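Worksheet: the structure to be examined is printed underneath.
The values are calculated or read from the model by the stated rules, or taken from the named source; none is laboratory data. Given the structure is predicted, the values throughout are model-derived calculations rather than measurements. Don't worry about glycine lacking a Cβ; one is built from the backbone with ideal geometry, like all the others, and counts go over all protein chains shown.
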């Protein structure tokens, strides 16, 4: 395999990672809406721990355990930030579109 072939494969993998990360964020936004509607907090530290533990168990390498933890903590942090922003914006939009008599 040449350097150009390796880079082309890396580019294709990056495209797939981007597609999957965006899908992950879309699902997290939906989860945030469902949590809000159920009166649950957005942040669930036990879920974060479960995600990281699962990633560590599923990892076959060559990424080491420390890298897996750092990578998934960052993914979770970014996802949670977008989820919270979405839920807040969605709640604001819902409030603005409710009839005046419903808002009180």
Among the residues of region 90-101, are any surrounded by 12 or more Cβ atoms within 10 Å (Cβ to Cβ), modelled with pLDDT under 95, farther than 26 Å from residue 17 by Cβ and out of contact with any strand residue (DSSP E or B) (no Cβ under 6 Å at 6 or more places or on another chain)?
yes
Determine, yes or no, whether residue 36 is touching a helix residue (DSSP H, G or I) at 6+ places or on another chain (Cβ under 7 Å) and at pLDDT below 95.
yes
